[in-house]
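Following: one structure in structure tokens, then a few remarks.
The values are calculated or read from the model by the stated rules, or taken from the named source; none is laboratory data. All values reported here derive from a predicted model rather than from experimental measurement. Every residue, glycine as well, gets a Cβ built from its backbone with ideal geometry; the counts of neighbours run over all protein chains shown. The area values use the complete protein model at the heavy-atom level, side chains included, leaving out ligands, DNA and RNA. Shrake-Rupley method; radii C 1.70, N 1.55, O 1.52, S 1.80 Å.
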Amino acid sequence: MSVSDRTGLAVWLKSQAADVALVDCLQHIAASCKKIAHLVARAPLTGTTGISQQTNIQGETQKQLDIISNDVMVEQLRLSPHIAAMVSEEVPDLIQNPDAAQSARFVVCFDPLDGSSNIETNAAIGTIFSVLELDAPEAEVRTKSVLQSASNQIAAGYALYGPSTLLVLTTGKSVAIFALDPDEGVFLLLEDHVNIPEQTSEFAINMAYQRFWEPAVSNYIVQCVAGETGPRKKAFNMRWTGSMVADVHRLFVRGGIFLYPSLSKPGGAKGKLRFLYEANPMAFLVEVAGGAATTGTGSIRLIEPDRLHQRAPVILGSKEEVELLENLHHTL
Ligand code: AHG
Ligand code: MN
Ligand code: MN
């Protein structure tokens, strides 16, 4: 298929029968990702790959690109009158949109730059986003309303800044993958109705934390690395990029299972990943693509958060593997 024959993002969005307000919201998110892709690509030249003098609510030192990407997202999303407020990994409190229409009912939660530890090494990083719909418009959106609308996630996606800039998106009907055409500056459809194979021989976990794993996770990984003569009777491969976006994207390409589980180290009980802008959007995408997403003991998407930046254990990907891990959590 020639580049000019490919479907553009706007056409795809309208084909999803997404309402015009959601189309507008998602187009502003896509425009943010396009801007961030450009800034990420130029970061080594502009000297913005390093750390800033600031820390986020988790006490993590922010990279300059974390802050730059956050500012791009906030500035761009303010332009959509349908976005009432935002939640950003890089901002402690809820961000109101002063330019929102009275009828605005969307809250966009985002991780403006995921995988920041990879910036200096030029490895793949990304942006993750989740669109929540409030039960009713509010002139001043309350944090409580955002937390209550977490299960009312109507769209989710991520941009992956790698050799190509990809945009992976769902409004609940299918998962589609777009590539940014750097010549034309537009996202063009590569694949729709992406499906995650139910079986896999590849897992993604940070092995350095093995001593902190729950028994179920330890048991599962031991089974996997036992290979052909072990209980799984097949060899497994392992990948860990350190960018959730890159590690999760692999699931949509060839299946697999991604684990950032609960850790027994101080502060690790809920793992590392944040629910509103990492776990919840990725769980939505994976489930729409036929995969599964669990904390180990329950569905990620049934979590009712009580804080904007709360963490959640994340085990998601090929359905059969996730179910095996849930069974191990319930029996060990
Ligand atoms: P962020 O850069 O937004 O803080 O996210 C980093 C996350 C996630 O992308 C990745 O899966 C995980 O951190 C890697 O954690 P470890 O460095 O502990 O492996
Ligand atoms: Mn992240
Ligand atoms: Mn981040």
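Once the other residues with Cβ under 13 Å from the Cβ of Val131 are scored (Lys, Arg +1; Asp, Glu -1), what is the net sum?
Cβ neighbours under 13 Å give a net charge of -2.
Would you be so kind as to identify which of Ala104, Thr49, Phe178 lies farthest towards the positive end of the dipole of the chain, taking Lys and Arg as +1 and Asp and Glu as -1 on Cβ and the Cα centre as origin?
Thr49
Which net charge results for the neighbourhood of Ser69, defined as the other residues with beta-carbon distances under 14 angstrom from its beta-carbon, given Lys and Arg at +1 and Asp and Glu at -1? Please report the intermediate quantities before stating the final value.
Details: positive: Lys34, Lys35, Arg42, Lys63; negative: Asp66, Asp71, Glu75, Glu89, Glu90, Asp111, Asp114.
Combined, the nearby Lys, Arg, Asp and Glu give -3.
Once ligands and nucleic acids are excluded and a 1.4 Å probe is used, how much of Lys233 is accessible, expressed in Å² to the nearest 10?
Roughly 150 Å² of Lys233 is accessible to a 1.4 Å probe.
Step through the table entries Lys234/Lys319; Lys173/Lys272; Lys63/Lys272; Lys173/Lys319; Lys234/Lys272; Lys14/Lys34, compare each Cα-Cα distance with 23 Å, and write down the pairs that go over it.
Working: Lys234/Lys319 18 Å; Lys173/Lys272 29 Å; Lys63/Lys272 18 Å; Lys173/Lys319 18 Å; Lys234/Lys272 30 Å; Lys14/Lys34 20 Å.
Listed pairs above 23 Å: Lys173/Lys272; Lys234/Lys272.
Select from region 83-186 those GluC sites (Glu not before Pro) which occupy a DSSP coil region and have at most 14 other Cβ atoms within 10 Å, ordered by residue number.
On the way: sites: Glu89, Glu90, Glu120, Glu133, Glu138, Glu140, Glu184; in loops: Glu89, Glu90, Glu120, Glu138, Glu140, Glu184.
Here the sparse-neighbourhood loop sites are Glu120, Glu140, Glu184.
Compute the FRET efficiency between Gln210 and Asp99 as 1/(1 + (r/R0)^6), taking r as their Cβ-Cβ distance and R0 = 35 Å, and round to the nearest 0.05.
After rounding, the FRET efficiency stands at 0.10.
Given Thr294, Gln199, Pro266, which one lies farthest toward the positive end of the charge dipole of the chain, if we put +1 on the Cβ of every Lys and Arg and -1 on the Cβ of every Asp and Glu?
Pro266
Work from the charge dipole of the chain (Cβ charges, +1 for Lys and Arg, -1 for Asp and Glu, about the Cα centre) and give the residue of Gly227, Leu324, Val141 farthest towards its positive end.
Sorting the options by dipole projection puts first Gly227.
Go ahead and estimate [θ] at 222 nm for the chain from helices alone: -39,500 (n - 2.57) per DSSP H run with n ≥ 4, summed, over the residue count, rounded to 500.
-9000 deg cm²/dmol
How much of the accessible area of the chain, in percent, comes from carbon and sulfur atoms when a 1.4 Å probe is used? Walk me through the intermediate numbers first.
Numbers: 7180 of 14030 Å².
Of the solvent-accessible surface of the chain, carbon and sulfur hold 51 percent.
With a 1.4 Å probe and every protein chain left in place, tell me how much accessible area His330 has, in Å² to the nearest 10.
Per-residue accessible area (His330): approximately 120 Å².
Can you give the relative contact order of the chain as a percent, counting alpha carbon pairs under 8 Å and 6+ residues apart?
15
Counting only other residues whose beta carbon sits under 15 Å from that of Trp213, what net charge do I get with K and R as +1, D and E as -1?
Taking every other residue near Trp213 into account, the sum is +3.
Expressed in nm to one decimal, what extension gain is obtained for the pair Asp183 and Asn122 from 0.36 nm per residue of sequence separation less their Cα-Cα distance? Numbers along the way, then the final one.
Numbers: separation 61, 0.36 × 61 = 21.96 nm, distance 2.18 nm.
The Asp183-Asn122 span can extend by a further 19.8 nm.
Over the chain, with the other protein chains present, what is the accessible area per residue in square angstrom, probe 1.4 angstrom?
Per residue, the chain has an accessible area of 42 Å².
Counting pairs of Cα atoms in the chain, how many percent are more than 29 Å apart?
Taking all Cα-Cα pairs of the chain, the fraction more than 29 Å apart is 36 percent.
Expected output is a single nm value to one decimal: the length gained when fully extending between Ser15 and Trp240, i.e. 0.36 nm times separation in residues minus the C-alpha distance. What is it?
77.5 nm
Membrane-span-like helices in the chain: DSSP H runs reaching 27 Å or more (Cα, own axis), mean Kyte hydropathy at least -0.5?
20-46
For region 3-191, what number results from the quotient of the Cα radius of gyration and 2.2 N^0.38 Å?
Compactness ratio reported: 1.01.
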